[in-house]
Structure formats: structure tokens, C-alpha cells
1. Might you let me know whether segment B:46-58 holds any residue that is modelled with pLDDT of 95 or more, closer than 22 Å to residue A:40 by Cβ and either within 9 Å of another protein chain (Cβ to nearest Cβ) or surrounded by fewer than 20 Cβ atoms within 10 Å (Cβ to Cβ) (or both)?
2. If you go through segment A:121-135, how many residues are in a loop (DSSP other than H, G, I, E, B) and either on the phi > 0 side of the Ramachandran plot or in contact with a strand residue (DSSP E or B) (Cβ under 7 Å, 6 or more places away or on another chain) (or both)?
3. Which one is surrounded by the fewest Cβ atoms within 10 Å (Cβ to Cβ) among residues in segment B:62-85 that are touching a strand residue (DSSP E or B) at 6+ places or on another chain (Cβ under 8 Å), within 14 Å of chain A (Cβ to nearest Cβ) and under 23 Å from residue B:139 (Cβ atoms)?
4. Within segment A:105-153, which residues are more than 9 Å from chain B (Cβ to nearest Cβ) and in contact with a helix residue (DSSP H, G or I) (Cβ under 9 Å, 6 or more places away or on another chain)?
5. Inspect all residues belonging to segment A:111-124 and state whether any of them is surrounded by fewer than 20 Cβ atoms within 10 Å (Cβ to Cβ) and over 29 Å from residue B:16 (Cα atoms).
6. Those residues that are assigned to a loop (DSSP other than H, G, I, E, B) and closer than 17 Å to residue A:30 by Cα, I need them from segment B:74-104; list them, please.
7. Residue B:40: under 23 Å from residue B:152 (Cα atoms), within 11 Å of another protein chain (Cβ to nearest Cβ), in contact (Cβ under 8 Å) with a residue 12 or more places away in the chain and in contact with a strand residue (DSSP E or B) (Cβ under 8 Å, 6 or more places away or on another chain), yes or no?
8. Just name the residue that is surrounded by the most Cβ atoms within 10 Å (Cβ to Cβ) out of those in segment A:93-105 that are touching a strand residue (DSSP E or B) at 6+ places or on another chain (Cβ under 7 Å) and at pLDDT 90 or above.
């Protein structure tokens, strides 16, 4: 499914899909909501996850905390149905647009993982993040009960 | 400007900015166009680039090909004026929304770096990328003349 990277022209101007995975075998992925255009999350895929995403049209990622391919929604039920996939100029990052129905995408319980902003109009020597979502979409304790939190310090 | 990461609660539910840089000192960045909401590019920042972006409200990245902080637009003139910055749940990726005026953001000459899609309704054993932008926004030979192409094979 993936072609060998041979030339810069092939990679940038061509029609061959020849993604570049980094030294850990991963490629960064941006996921947006097809309906709202909002950014839902940022993740990574390995070769297997990328292929499975194309084959099944459901988003698969590589979980760095679990060190395995992860079919998004397998626990929460909020599978991400892929509406389109784009790849960037040098084919080392991917953008997928997904339909999550009435679901959410953040393990903390918010709709988007990007629920906090950095205020730029205040004293930047003492930044206080601002919450951009008023409340959580779901209770993560209930949805992910018994599962370890993926966040690493 | 950046706080030490102490607890999962602090990172996920708190108001302290405590970004996680990877083992290379980088954090992935998604850049969208403030006016259209379109994804323009995916890049990385190191600590210095992230701080400069907040301080100057102009996007700075870390160029992996040049191994240095890179003030986007310093060659092309299309500086990215930062309209907002968001950070994700575990604070290991950043989303910036920028104003590029009438400019473009892709070194190949397109408006967005994500100018090609992977068709999902065809034979996936023989993928042919589809160009989503009809033509380039500018001539990269002219704008970046004499500079090495950043794409790596």
C-alpha cells in the first residue's frame, strides 16, 4: 500500500503514497471533526495503524503508553468514522477528518482534547490556562473504569 | 514560563502550562488558518520556539532539517500572526491558529501543506493521491531561491 520514497519530486509533487515514519516507526496524525471542522486530537500511527485506518475507514492509532495499535472507540464506543484523509507535502504527517456522531474524543471527558487555551493578552510571565469548554461531555470514570490513565508525566 | 509536571491532575485538569517535550526536546504543533479554519501545516517546536511564539505572537518552529529555531515567514515574508494557542489534555501537543494575510504556508507553493488526499472510495491496493488544490499559490523557485529543500527522503 505504501511506496518506497525515491525522490523529492515523487514525495512532494507525485501521486504515490509514500509516508515517512520516524525512527520509532510513527507518523503524527491530526484528527478533526468532519461536522464542525474542530481539531479533536493529535496522535500517532505506525504502519499497521495507518493501513488499518485506510482499510476499515475507522481511525486506528498507535498508543505510545500501551505500545500497541489502538482502535479508537473500542472502550468508549465512540469509533471515528473516517470521512477523508490528507497527507502533507513531505508525507511525514497525516490529517484525518472523522465522524464521531454524538460522541467525544478526549479521555479526560471533553469533546476535544484541546479544551484549554493560553491567554495571549495577559501577563505571559504568569500564564493561567483558560478552559474553552464549559463542561465535560462525559464522565471518564464511568466510561474508562478500571483502565489506566494514558497521560505520562 | 513553563511549569514542572507534577501530577496527572495538574496536567489534565489544571491551569498551569506544563508542556511535555519529547526526548528530542520537541512538541508537535498543528497550525490552522484563523480565517478559514483549514489546517495549514504540522510542525514541531522546541522550548525556545514555543516561548518565542508566545512572547512575539508570531509562529516560531524548530526546523528538524536545519536543526534550529525557525521564524516562519522570515524568507517568504508570510509571517504567521498568532490568534490563539491551545494545548491538549496531556500537554504534549499544541494547536495554533494564525493569520497569514493573503499568504500561503507550504514550501512547495500551495496554500496548505495538506494539498493531497488519499481516495477512500477506490482500490486501496493501488492508491493514487488526489490533488485538492487546483494550483499553487506561489512559485517556490522564486520565493525560496537558492535555499535547500527541507524535505528529507
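1. The answer is no, given that none of the residues of segment B:46-58 is modelled with pLDDT of 95 or more, closer than 22 Å to residue A:40 by Cβ and either within 9 Å of another protein chain (Cβ to nearest Cβ) or surrounded by fewer than 20 Cβ atoms within 10 Å (Cβ to Cβ) (or both).
2. We begin by selecting, within segment A:121-135, every residue in a loop (DSSP other than H, G, I, E, B); these are A:121-123, A:127-129, A:132-135.
Pick out the ones that are also either on the phi > 0 side of the Ramachandran plot or in contact with a strand residue (DSSP E or B) (Cβ under 7 Å, 6 or more places away or on another chain) (or both) and you get A:129, A:132.
Number satisfying all stated conditions: 2.
3. B:63
4. Across segment A:105-153, the qualifying residue is only A:109.
5. No, segment A:111-124 has no match at all.
6. Step one: list which residues in segment B:74-104 are assigned to a loop (DSSP other than H, G, I, E, B), which gives B:74-80, B:88-93, B:100-104.
Passing the criteria: B:88, B:89, B:90, B:91, B:92, B:93.
7. Numbers: under 23 Å from residue B:152 (Cα atoms): yes; within 11 Å of another protein chain (Cβ to nearest Cβ): yes; in contact (Cβ under 8 Å) with a residue 12 or more places away in the chain: yes; in contact with a strand residue (DSSP E or B) (Cβ under 8 Å, 6 or more places away or on another chain): yes.
Yes: the conditions hold for residue B:40.
8. Result: A:98.
The values are calculated or read from the model by the stated rules, or taken from the named source; none is laboratory data. In this text the structure is predicted, and so the values were computed from the model without any measurement. Because the Cβ atoms are built from the backbone with ideal geometry, glycine has one as well, and the counts that use them run over all protein chains shown.
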